[in-house]
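Shown next, in structure tokens, is the structure this report addresses.
Nothing in this text is a laboratory measurement; each read-out follows from the coordinates by a stated rule. Just so we're clear, the structure is a prediction, and the values are computed from it rather than from any experiment. Virtual Cβ from ideal backbone geometry, glycine too; neighbours counted across all protein chains shown.
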Amino acid sequence: MLLIRCPWCGERPEPEFRHAGEAHIARPADPAAQSDTDWAAYLYLRGNPRGWHRERWRHAHGCGRFFNALRHTGTDRFAATYRPDEPRPDIPDT
Amino acid sequence: MTTRFGLLSLAREALRGHRGWAPQWRSPERPLPAYDVVIVGGGGHGLATAYTLAKEHAHVGRIAVLERGWIGGGNTGRNTTIIRSNYLFPESAALYDHAVRLWEGLSRELDYNVMFSPRGVMMLAHSVHDVQSFRRHVHANRLDGVDNEWLTPAQAKAFCPPLDIACARYPVLGAALQRRGGVARHDAVAWGYARAASALGVDIIQECEVTGIARDPQGGAVTGLETTKGTVRCPRIGVVAAGSTSLLMAMAGLRMPLESFPLQALVSEPVKPVFPCVVMSNTVHAYISQSDKGELVIGAGTDGYNSYSQAGSVQVLSHALEAVCELFPSFRRMRMLRSWGGIVDTTPDRSPIIGTTPVPGLFVNCGWGTGGFKATPGSGHVFAATIATGAPHPIAAPFALERFTTGRLIDEAAAAAVAH
């Protein structure tokens, strides 16, 4: 079970949270102007790396707010969690 | 030359103290410098693909299977071995039922006992919504020519006596039963395919990790692979790498509609035969059968976040066990022996991706998510035809990568039976 630091509530156990997929995917401003290929990429294509992954979480059974996290998908270690209005933290060296 | 199994060879070896058995497949230390087709991934699907290529499409030439670890050591050795074909849509029914029909003759086909046991797969309905959903599946399956029947609670109890149908927390309102469904021995599937493929000339190279995909600077077509055991030239590559597919396709510059999640399972201590079938409970998320060794094999869910850790969180296991203990009160005092995780590649519509890619010469068979084992023979069969001809096999055609652009998704979220 992961221990996750909500930027507002502090460290809480994983079952309080819902994972919400890859972070920093912006919805195109004008969907109707998108080609089918670009729209499919926005909807479905994901990085799915083995390594550092920027992702969204929601503190569903807590404050209810979304935040971002930088987690390693090989070890599940969190390098940082950050609010949507905060700058993206750097990827750690190790 | 591979020994043909039979009474004579068994008797001969028994008299010699079983010292004469040779390895059942060739495992060259290193790959040749060039092949005509390379399959990346030595799980059941990859080995089935290589076997079918060598058997039915021998004109393709030299074939190799490259496996990062050992064959059958990934999801082939980590799943709960359930086989069924009661999916909702005609495209899926065609694909999975193709596999079930091949399962029925597989031991004879491979001359290797894969211990296919069509003991029946029963899916429990706990709510009005479940009843409506499953009855819809039963009717859809009947139209597709796939067996699936509706059972009353009493009939469900008769089919699986350990089941508590009056369970206060998860009452059983009925069940959908596919009698042709069942289980098979997962290791034997990998070994049987490896043996049969090797006998047809396929090179199976283990502990050989692919580290790069080389492409022609002009047309972009694949020209070969970089591996931890050297460079391999080849004009056709089939990627069958389950949870690691995104990583391999990224080597060719492709992003995939996949996310990899840990899926967990566990087994109990071995006991005398108590459980005659496979029972799945989609709503409360537990599925259970008994292996020939006597262990209860229990499937749990996926973790909520993408990961390659092959571990998973403990609350996922306890959730499945709580449901099992409610539905089968006689198992409450059993001890669990071990649990494990496998990395499954899930697609947005819970259906696999089989076919060509935008990169010439690169083929992919992935996205089987939480339910790929059941499809092993069918998956290999249609993927081999796709690689050999360069065009999708008719059964595989609806599962092309392009469906995410055209919008023709095949949404099997309900039939996939694992809560995502």
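Taking other residues whose beta carbon is less than 12 angstrom from the beta carbon of B:Y112, and scoring Lys, Arg as +1 and Asp, Glu as -1, yields +1. log₁₀ I(q)/I(0) of chain A at q = 0.16, 0.23, 0.24 Å⁻¹, via Debye over equal Cα point scatterers, no solvent, to two decimals? Scattering profile of chain A, log10 relative to I(0): -0.72, -1.17, -1.23. Taken as Cα centroids, segment A:1-29 and segment B:45-61 sit 44 Å apart, rounded to the nearest whole angstrom.
A straight Cα-to-Cα reach below 19 Å connects B:K157 with the aspartates and glutamates B:D130, B:E149, B:E326, residues fewer than 8 places away in its own chain not being considered. Could you tell me which of rounded, prolate or oblate describes segment B:1-119, using a ≥ b ≥ c as the square roots of the eigenvalues of the alpha-carbon gyration tensor, with rounded for a/c under 1.5 and, failing that, prolate when a/b is larger than b/c and oblate otherwise? Oblate, since a/c reaches 1.5 and b/c is not below a/b.
Averaging the sequence gap over all C-alpha pairs within less than 8 Å and six or more residues apart, then dividing by the number of residues, gives segment B:172-256 a relative contact order of 18 percent. By the rule of a C-alpha distance below 21 Å, with chain neighbours fewer than 8 residues away ignored, no lysines are paired with B:K229.
Working from Cα pairs under 8 Å separated by at least six residues, relative contact order for segment B:24-121 is 21 percent. Relative intensity of the protein assembly as shown on a log10 scale, I(q)/I(0) at q = 0.06, 0.07 Å⁻¹, equals -0.29, -0.40, per a Debye sum over C-alpha point scatterers of equal strength in the absence of solvent.
Of the GluC sites (Glu not before Pro) found in segment B:1-64, those in coil by DSSP whose Cβ has at most 11 other Cβ atoms within 10 Å are B:E29. Each Lys and Arg adds +1 at its Cβ and each Asp and Glu adds -1 at its Cβ; summed about the Cα centre, segment B:272-362 shows a dipole of about 400 debye. Each of A:E14, B:E269 has some number of other Cβ atoms within 10 Å of its Cβ, and from fewest to most they run B:E269, A:E14. Pull out a ≥ b ≥ c, the square roots of the eigenvalues of the alpha-carbon gyration tensor of segment B:51-92, then state rounded if a/c is under 1.5, prolate if not and a/b is larger than b/c, and oblate in the remaining case. Oblate.
Its relative contact order, with pairs defined as Cα atoms under 8 Å and 6+ residues apart, puts chain B at 22 percent. Between 0 and 90 degrees, the angle of helix B:314-327 with respect to the longest Cα principal axis of chain B falls at about 40 degrees.
Could you list the residues of segment B:88-130 with an amide nitrogen less than 20 Å from a label point located 7 Å from the Cα of A:D36 in the Cα-to-C-beta direction? Under 20 Å, as judged by backbone N against the label point of A:D36, lie B:91 of segment B:88-130. The chymotrypsin sites (Phe, Trp or Tyr not before Pro) of segment B:124-199 include none that DSSP puts in a loop with a beta carbon having at most 15 other beta carbons within 10 Å.
When we measure straight from the Cα of B:K374, which aspartates and glutamates land under 13 angstrom away, once same-chain ones fewer than 8 places off are left out? Reachable aspartates and glutamates: B:D97, B:E104. Under a Gaussian network description of chain B, with springs only between Cα atoms under 10 Å, the residue in B:H59, B:H186, B:H285 that fluctuates furthest is B:H59.
Look at B:V314, B:V202, B:V60 and count the other Cβ atoms within 10 Å of each Cβ; fewest to most, that gives B:V314, B:V60, B:V202. Could you tally the net charge around B:R68, taking each other residue with its Cβ under 14 Å from the Cβ of B:R68, Lys/Arg +1 and Asp/Glu -1? So the environment of B:R68 carries a net charge of -2. Comparing mean-square fluctuations of B:R338, B:R142, B:R119 from a GNM of chain B with C-alpha springs under 10 Å, the top value falls on B:R338. Scanning residues 5 or more positions from A:A23 or on other chains, those with amide H under 5 Å from its amide H are A:R54, A:E55, A:R56, with H placed 1.01 Å from N in the peptide plane.
The distance from the alpha carbon centre of segment B:303-354 to that of segment B:237-263 is 22 Å, rounded to a whole number. Taking the centroid of alpha carbons for each part, segment A:78-94 and segment B:367-420 are 37 Å apart. Averaging 1/r over every pair of different alpha carbons in segment B:110-166 and inverting the result gives a Kirkwood radius of 13.3 Å. Which trypsin sites (Lys or Arg not before Pro) from segment A:50-91 combine a DSSP loop assignment with at most 16 other Cβ atoms within 10 Å? Sites meeting the loop and neighbour criteria: A:R65, A:R77. Amide H contacts for B:V239 (H built 1.01 Å from N in the peptide plane; partners 5 or more residues away or on another chain; cut-off under 5 Å): B:V40, B:F363, B:V364, B:N365. Panel values: chain B, Kirkwood radius from alpha carbon pairs, Stokes-Einstein at 10 °C and 1.306 mPa s, translational diffusion coefficient 72 µm²/s.
Helix B:186-199 and the long axis of chain B differ in direction by around 20°, with both axes built from C-alpha atoms. For the pair B:R142 and A:W8, label points projected 7 Å from Cα toward Cβ lie 5.2 nm apart.
Among A:T73, A:T37, A:T81, the residue with the largest mean-square fluctuation in a Gaussian network model of chain A, with springs joining Cα atoms closer than 10 Å, is A:T37.
Taking other Cβ atoms within 10 Å as a rough exposure proxy, B:M336, B:M251, B:M256 sort from fewest to most as B:M336, B:M251, B:M256.
Between the beta carbons of B:R233 and B:K272, assuming R0 = 51 Å, the FRET efficiency works out to 0.40 to the nearest 0.05. Neighbours of B:N86 by Cβ distance under 13 Å: Lys/Arg scored +1, Asp/Glu scored -1, total +2.
Label-to-label distance, A:W52 versus B:T152, with points set 7 angstrom from Cα along the beta-carbon direction: 6.3 nm.
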